[in-house]
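A.B. asks: Have a look at this one before I ask anything.
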Amino acid sequence: MSQPVTILPVLPENAPFSPEQRAYLNGFLAGLYSYTTVPASGATSAPATKPLVPLTILFGSQTGTAAKLAKAVSKEASKHGFAPTLHDLAKYQTAQLASEPNLLVVASTYGDGEPPDNAKGFWDFLRGASAPKLERTRFSVLSLGDSNYAKFCQFGKDVDEKLTALGAKCVAPRIDCDADYEEPFAKWLATAVPALARAAGSASPVSAATASDESDPAEPRYSRKKPFPAKLVTNRKLNAPGSGKDVRHFEIELTGSDLAYEVGDALGVLPTNDPFLADEIVAALEANGDDAVPGKDGRPVPLREALIGHYDIARIPQPFLKALAERSGDAALNQLLAPEANGSLAKFLFGREVIDLLLGHPTAKFGAAEFIALLKKLQPRLYSISSSPKAHPGQVHLTVGVVRYETHGRKRGGVCSNFLAERAGSAPVPVFVHENKAFRPPAGDKPLIMCGPGTGIAPFRAYLEERKATGAKGRNWLFFGDQKSSTDFLYEEELKAFHEDGFLNRLDLAWSRDQAEKVYVQQRMVENAREVFAWLEDGAGFYVCGDASRMAKDVDAALHQVVEKAGGKTSEQAAGYIQQLKAEKRYQRDVY
C-alpha cells in the first residue's frame, strides 16, 4: 500500500515577495496551518485532529499567589482543547485585547481595593477612552482578596464589570476567593474552563487515562497545606531600651525539611491563638472547653483546641456579626449591616474583636458548634524573609514588629507576632516557603536602590547578604528610617559594617523623631534626586518594602518628583518613565 502524501501550504513562486520574505512567510504558514494529508489511491484517511483553540490567561499578582494559580489554570485548560498563553499583566500588550477570542483573568487585590503593581497599567488602559469594544471576547474572572478589608476583591470585581461593559461575554460567573482560596479556586476552575471550552467549540477534554499519564511535578514534602514543624532558635529584640516599638529578629531552623527559598521570598507562619482569649470565649459562650466541634478539616476536636489552633477568634467575620444582630435584636448592629451604612461598619469594627461582641450581647446565645460555623479558619501570615540561604544555610530569618495596643478598655495583640514573640518557645513553629518571583533582586552587576524603612528592611538585609556572598559587583544604595536613631536603628552594626567596607555604597537615613520636624525616607530621596536619577539612568533597580497604605504611596510620589526634577520631564513623561521601569521589572515593591 502506498504512503499518504503530505501537502504543506506555500506561497506561489510568482508572489510579489523577495526570497527572504517568501522563506519567512512560508515558515509562518507552516506553523499556522495544520498539514493536509491526502490519502494515496486505495488508502483510507485518518480523521483529522481538531486544532487547538487559542486562550489567553492574564494575571495580576502582588505576592505571587495569582501567578501560581494562573499556571494551574493554563495546565487545566490544555486538557480541554486549548492552546493557552500566560501573560503577566505588566508585560501584556494591551493592543492585543481587541482580538482575544477567549480570556481568563486571575486578579488579586491589595491595599484599599487597588490593583496589584503589575496590573496598574492594564487597568488604566481598560478604563481609559482608548479601551476597545470586546463583543467577540468570551471571558471569566477569578478574584483574590481578603474579606477583612472593606473593598474585598475590588480589583477583580472592577475588571469583571469593565469587560462586560465593553461588550465581552461572561461564560462563567466571577468567583471571589478569600485568604483560604483553595476550595473556591477549584470550583471556579471546574466551571470556567469547561464553560469556555463549550462556548469556543474546542476539543473534548483529555480522558482521565490520558491525563493521568502526564508527568506532574512531585508535590513538595511541606507546603501551605502541610507546614513544616520548625524550631525557633533565636528570638532577639532589635530595638534599644526606651524605644516605643518591639521589633524582633527571629531565626528558624529548617534542617530536615527540604524547604528551599530565594531572597525575595516570604515565609508563611501558621500561628496559634492566645489560650487566655480562647478561655474567655468558652466562658462567654457558657460552654465546656471539651465540647466536640468540627475542626478546620471537618473532623471533631474539643472546642478549646479549635479556638486555639483552628479558627480566627480575633477579627469579626460578617456571618457572626449578622447572626449576632439577629439574635440580639440590636438595632444599631442591624443598621451597620444595611447597604446604605457606607463606612460606618468598618469604623465600628476597628479595634474590636469577637470577644467584645459576645460580652456586649450576653442575651444572644450560640451553641459551640453553631458558633464555630460562623468563624473563619485561622490563616498563615506571610513575612518577608530577611536572610540569604547562602549566608545562613539551613536557617531562615524574619524581622517582625510585635503588634500590641489597647482599644475599648482591652489590651490586644497581633496573633502571629505575639505567637512568635511570646508563645512559640520550644513548641514547633509550622512554616512553609511562599515563592515571590515578582520581588527578585537585579543581576549582580546591576546597581540596586532599596527603600525599606522600619521592618521593610527585612528583604534588603537578605539582598545585601546574597550579593555579598555571590561577589556581586553592582552598586548598592539603601534608604532606611524609623523613629529614633538611638533606639530604632535596626541591624545597625551589620548595615554600618556593609557601608564602612564599601559594599553598601550609600546609606541614607531618616529619623522621624530625632528633631522637631519629622523626616522620612521619601524626603531623602528628593534631596538626592540627581544621584537617584543618575543611578536609574545607569540601569539601577528601585525596590520598596513596607507599609502600603502610606509609605509606599509617598515613596512612589517622591520617585515621580525625582524623575521630573532631575530628569527634566513633565509629569506625564515621568509617569511614562516609571511605567517603563515597571515593565522592565526595575521597579518592584513588596508592600503590605
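A.B. asks: Could you list all residues from the stretch 213-240 that are at pLDDT below 90 and surrounded by 10 or more Cβ atoms within 10 Å (Cβ to Cβ)?
C.D. replies: Scanning the stretch 213-240 gives E214, P220, R221.
A.B. asks: Of all residues in the stretch 297-307, how many are in contact with a strand residue (DSSP E or B) (Cβ under 9 Å, 6 or more places away or on another chain) and surrounded by fewer than 15 Cβ atoms within 10 Å (Cβ to Cβ)?
C.D. replies: Qualifying residue count, the stretch 297-307: 1.
A.B. asks: Looking at the structure I just gave you, is I308 out of contact with any Cys (no Cβ under 8 Å at 6 or more places or on another chain) and assigned to a loop (DSSP other than H, G, I, E, B)?
C.D. replies: Values: out of contact with any Cys (no Cβ under 8 Å at 6 or more places or on another chain): yes; assigned to a loop (DSSP other than H, G, I, E, B): no.
Considered against the rule, which asks whether it is out of contact with any Cys (no Cβ under 8 Å at 6 or more places or on another chain) and assigned to a loop (DSSP other than H, G, I, E, B), I308 comes out as no.
A.B. asks: Right, another one. Tell me which of these Q318 doesn't satisfy, since it passes every other one: (1) buried (at least 18 other Cβ atoms within 10 Å of the Cβ); (2) within 25 Å of the chain's Cα centre (by Cα).
C.D. replies: Single failed check for Q318: (1).
A.B. asks: What's the number of the condition Y311 fails, among (1) aromatic (F, W, Y); (2) surrounded by fewer than 15 Cβ atoms within 10 Å (Cβ to Cβ); (3) under 24 Å from the mean Cα position of the chain (by Cα)?
C.D. replies: Exception for Y311: condition (2).
A.B. asks: Sticking with this one: With the structure loaded, tell me whether D117 is under 29 Å from R381 (Cβ atoms), crowded, with 18+ Cβ neighbours inside 10 Å and among the acidic types (D, E) or whether it fails that test.
C.D. replies: yes
A.B. asks: Within the stretch 114-129, how many residues are part of a loop (DSSP other than H, G, I, E, B) and more than 16 Å from S143 (Cα to Cα)?
C.D. replies: The number of residues fulfilling the criteria is 3.
A.B. asks: Considering only residues that are at pLDDT 95 or above and either of a type in the set (A, V, I, L, M, F, W, C) or open to solvent by less than 20 Å² (accessible area, probe 1.4 Å) (or both), which ones fall in the stretch 415-426?
C.D. replies: Listed by number, the residues that qualify are V415, C416, S417, N418, F419, L420, A421.
A.B. asks: Scan A90, A77, A165, A150 and give me the residue that is open to solvent by 40 Å² or more (accessible area, probe 1.4 Å), of a type in the set (G, A, S) and farther than 28 Å from K377 by Cβ.
C.D. replies: Sole residue among the options that is open to solvent by 40 Å² or more (accessible area, probe 1.4 Å), of a type in the set (G, A, S) and farther than 28 Å from K377 by Cβ: A165.
A.B. asks: Which residue, of D279, D291, D274, D246, is of a type in the set (D, E), closer than 26 Å to S147 by Cβ and surrounded by 14 or more Cβ atoms within 10 Å (Cβ to Cβ)?
C.D. replies: After applying the criteria, what remains is D274.
A.B. asks: Name the residues in the stretch 93-113 that are open to solvent by 20 Å² or more (accessible area, probe 1.4 Å) and of a type in the set (S, T, Y), would you?
C.D. replies: Answer for the stretch 93-113, where residues must be open to solvent by 20 Å² or more (accessible area, probe 1.4 Å) and of a type in the set (S, T, Y): T94, S99, T109, Y110.
A.B. asks: Also, quick follow-up: Where in the stretch 517-592 are there helices (runs of 4 or more DSSP H), lying fully within it, with 1 or more residues that are small (G, A, S)?
C.D. replies: Filter on the stretch 517-592 gives 529-537, 551-567, 571-583.
A.B. asks: Go through the stretch 24-68 and give me each residue that's modelled with pLDDT of 55 or more, part of a strand (DSSP E or B) and surrounded by fewer than 19 Cβ atoms within 10 Å (Cβ to Cβ).
C.D. replies: P54 - this is the single residue of the stretch 24-68 that is modelled with pLDDT of 55 or more, part of a strand (DSSP E or B) and surrounded by fewer than 19 Cβ atoms within 10 Å (Cβ to Cβ).
A.B. asks: Of all residues in the stretch 556-575, count the ones that are open to solvent by 40 Å² or more (accessible area, probe 1.4 Å) and either modelled with pLDDT under 95 or more than 17 Å from V521 (Cβ to Cβ) (or both).
C.D. replies: The total comes to 8.
A.B. asks: Next question, about the same structure. Of all residues in the stretch 359-388 being part of a helix (DSSP H, G or I) and open to solvent by 30 Å² or more (accessible area, probe 1.4 Å), which is farthest from L321 (Cα to Cα)?
C.D. replies: A369
A.B. asks: Same structure again: Quick test of your reading of the structure: G145 fulfils all but one of (1) open to solvent by less than 50 Å² (accessible area, probe 1.4 Å); (2) over 23 Å from G201 (Cα atoms); (3) touching a residue at least 40 places away in the same chain (Cβ under 8 Å). Name the failing condition by number.
C.D. replies: (3)
A.B. asks: Another question about this same structure. Given the structure, is G264 touching a strand residue (DSSP E or B) at 6+ places or on another chain (Cβ under 9 Å) and either open to solvent by 60 Å² or more (accessible area, probe 1.4 Å) or farther than 30 Å from G360 by Cα (or both)?
C.D. replies: Values: touching a strand residue (DSSP E or B) at 6+ places or on another chain (Cβ under 9 Å): yes; either open to solvent by 60 Å² or more (accessible area, probe 1.4 Å) or farther than 30 Å from G360 by Cα (or both): yes.
Yes; evaluated as a whole, the condition is true for this residue.
A.B. asks: Report yes if L509 is part of a strand (DSSP E or B) and at pLDDT 95 or above, otherwise no.
C.D. replies: Working: part of a strand (DSSP E or B): yes; at pLDDT 95 or above: yes.
Yes.
A.B. asks: Only one of these is modelled with pLDDT of 90 or more, assigned to a helix (DSSP H, G or I) and more than 30 Å from Y587 (Cα to Cα): K75, K79. Name it.
C.D. replies: When all the criteria are applied, what remains is K79.
A.B. asks: May I pose another question? Residue check: is K71 of a type in the set (D, E, K, R), surrounded by fewer than 17 Cβ atoms within 10 Å (Cβ to Cβ) and at negative phi?
C.D. replies: Details: of a type in the set (D, E, K, R): yes; surrounded by fewer than 17 Cβ atoms within 10 Å (Cβ to Cβ): yes; at negative phi: yes.
For K71, the condition - of a type in the set (D, E, K, R), surrounded by fewer than 17 Cβ atoms within 10 Å (Cβ to Cβ) and at negative phi - is met.
A.B. asks: Shifting gears a bit: For the stretch 427-489, please list each of the strands (runs of 3 or more DSSP E) lying entirely inside it that holds at least 3 residues being crowded, with 23+ Cβ neighbours inside 10 Å and in contact with a helix residue (DSSP H, G or I) (Cβ under 8 Å, 6 or more places away or on another chain).
C.D. replies: Result: 448-451, 476-482.
The values are calculated or read from the model by the stated rules, or taken from the named source; none is laboratory data. Since the structure is predicted, the reported quantities are computational estimates derived from the model, not experimental observations. Note that each Cβ is placed from the backbone with ideal geometry, even for glycine, and that neighbours are counted across all protein chains shown. Only protein heavy atoms, including side chains, enter the accessible area calculation; ligands, DNA and RNA are left aside. Shrake-Rupley method; radii C 1.70, N 1.55, O 1.52, S 1.80 Å.
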